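Here the structure comes first, spelled out in structure tokens, and everything after it is commentary.
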Amino acid sequence: MSLLSISVTPTPLQNRKPKSKLPLPKADLLIHPIGELATPCVENGPARKKQMHEIRRVKNAAIAVRKGVIIEAGPADDVLSKIETDAATRKIEAPNKLVTPGLIDPHTHLVFGGNRANEFLMRCQGKTYAEIASSGGGIVASMRATRNATVDELVETGLYRLKRMLAHGTTTCEVKTGYGLTQDSELRMLEAIYELARVQPIELVPTFMPAHAFPPEVDRKQYVNDIVAHMLPAAALFACSSSAKPCVDVFCDEGYFSLDDTRRIFDAALSLKMKLKVHADEFANLKATELACEYGALSADHLLKVSDKEIKMLAQSDTVAVLLPGTSFYLNLSDHAPARKLIEDGAAVALGSDFNPGSCHIFSLPFIWGLGCLKLKLTVEEALTALTHNAAFAIGRGGTVGQLLSGYQADITIYDVPALEEGPYNLGWNPVAITIKKGEIGHRRVSNGRQIDGANNFFSFSLYLLSPLVIILWAPPQTGARSPNRYIQARGPDLQK
Ligand code: NIG
Ligand code: FE
């Protein structure tokens, strides 16, 4: 139905209520028609148990947005009867397309220098993550390359990666430090993350993680002392001068930080009013998840070795279980996190990419959606909840992003597939057509998902060739001295670095 032809059925005289004088809200963006709108629909807190599966699905839907916020979302007739539009209203048509809340990645290490493609090849030859790390690879290898990078270089490569994530539907993303491992280089990573938050559309949630590995040159006890006494206070202060304080994360696992180290770091972080996260139970169970629940951490992540007792604790707490199936897949492990048990026992489960240079060089959330279904046995609906509403709670943004409901931020992902079932189905092909952040189009695929080949497609092909230019020219309103375009013209893939 066209907007101009909404038919109004006259109300019988006796039923007429006094006419409200209030004008209908005017939409500045209208997405209509929509093939299928699919969203979690949970009122209080993260979704648990059956709620994770209870996705609201509406065929022939519409979403109206005003000033970056959703004002109406649901059946098209209903939405169109509650809003007004005018010539200035931007319109997006998405017939035959799936539309979900913008995807949220609650766990990434996307700022780093260099790459570790050699480790991937070593793993293909049968070496384990631990063997590679103990022979000079692993986090410490990325530490060397990151220490050698300038802040500008970290921003430039980070921006290139974020651009690809945006094209795959990510609208909000947590980003950790943890490849500097000295106060100076960790703060430079933090500076790069805050700068990245400023110059591109994906909303970033920074996490300070000097406790990612022990730097080889320093005594372990001394390093933990330094984190507690100097690095955390410096990070808290640094952040205050720009925006919200970062969260604090610890890699609590065999060969990395002990439970006692983690407790000390958590105590220091809490005294600085920083929120907590923990890498728990990836390779061994050190009771880190228990500690996370005890300390009210935002999330406990990985959880391959989580105990039954800890699952029960998660179910009773607000700590979100962030599962990272990309990592177990990329490390070629036979085990995955016990996702079904976590959901059935009542933990709030989220999914993330864990995008990093070593154990998981995968950033695509549609791909993680597929792995969540295939490897963790989530239903397509549960996995969508885990990548949106529950992921928002894992980074302290619950209730503001992650659902397509009025009052929520207008973060929206539109796919070149017709229905929810096909969201996770396309491993290896990116199904995302348009990514919208706060009501603005951050990414739009010019090829419309069709194969571009042959003379008949000359027009699409020309657009395709021009697309880098379109992306270069697009930029959010900026303040401050640094030009985003300097970074947006980032050179090619990481492998060239
Ligand atoms: O989440 N487990 C610790 N940290 C990352 C690995 C980072 C790396 O290998 O560089 C992870 O898997
Ligand atoms: Fe990680």
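Tabulated values for the structure
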read-out	value
Between the range 354-417 and the range 168-214, the Cα center-to-center distance that results, in Å	19
In the range 207-304, the GluC sites (Glu not before Pro) that fall in loop regions by DSSP, at most 12 other Cβ within 10 Å	217, 254
The range 111-178: trypsin sites (Lys or Arg not before Pro) in DSSP loop, at most 15 other beta carbons within 10 Å	127
In order through the range 347-354: 3J(HN,Hα) via Karplus (6.51 cos²θ - 1.76 cosθ + 1.60), integer Hz, x for Gly, Pro	6, 7, 9, 10, 10, x, 8, 6
Nitroxide proxy distance, nm - points 7 Å out along Cα→Cβ at residue 184 and residue 87	6.0
Taking the convex hull of Cα positions in the range 103-394, its mean projected area over all directions (nm²)	13.1
Simple Cβ-charge dipole of the range 103-394, Lys/Arg +1 and Asp/Glu -1, about Cα centre, in debye nearest 20	280
Under 15 Å from the residue 220 label point (7 Å along Cα→beta-carbon), backbone N, the range 120-151	134
Sparsely packed GluC sites (Glu not before Pro) within the range 17-89, loop by DSSP, other Cβ within 10 Å at most 16	43, 54
Other-chain or far-sequence residues with amide H under 5 Å of residue 98's (modelled H)	36, 415, 417, 419
Evaluated over the range 277-358, the Cα radius of gyration and Dmax, each in Å	11.6, 34
Model label zone, residue 59; criterion: amide N under 17 Å from point 7 Å along Cα-to-beta-carbon; scope the range 88-129	94-99
In sequence order, calculated HN-Hα J values of the range 220-226 (Karplus, 6.51, -1.76, 1.60; Hz; x Gly/Pro)	4, 5, 4, 5, 5, 4, 5
Extension gain, residue 341 back to residue 118 (0.36 nm per residue minus Cα-Cα distance, nm)	76.7 nm
Per-pair calculated FRET efficiency, R0 = 25 Å: residue 284 and residue 127 via Cβ, rounded to 0.05	0.85
³J(HN,Hα), Karplus 6.51/-1.76/1.60, whole Hz, each residue of the range 323-329, x for Gly, Pro	9, 10, x, x, 6, 5, 5
Inter-part distance where the range 271-291 and the range 93-129 are each reduced to a Cα centre, Å	22
5 angstrom amide H check on residue 174, placed H, neighbours 5+ away	105, 107, 108, 205
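Readers should treat all values here as calculations from the given coordinates under stated rules, not as data from a laboratory. Just so it is clear, the structure is predicted and the values come from calculations on it, not from any experiment. Reconstructed Cβ throughout: ideal geometry from the backbone, glycine too, with neighbour counts over all protein chains shown.
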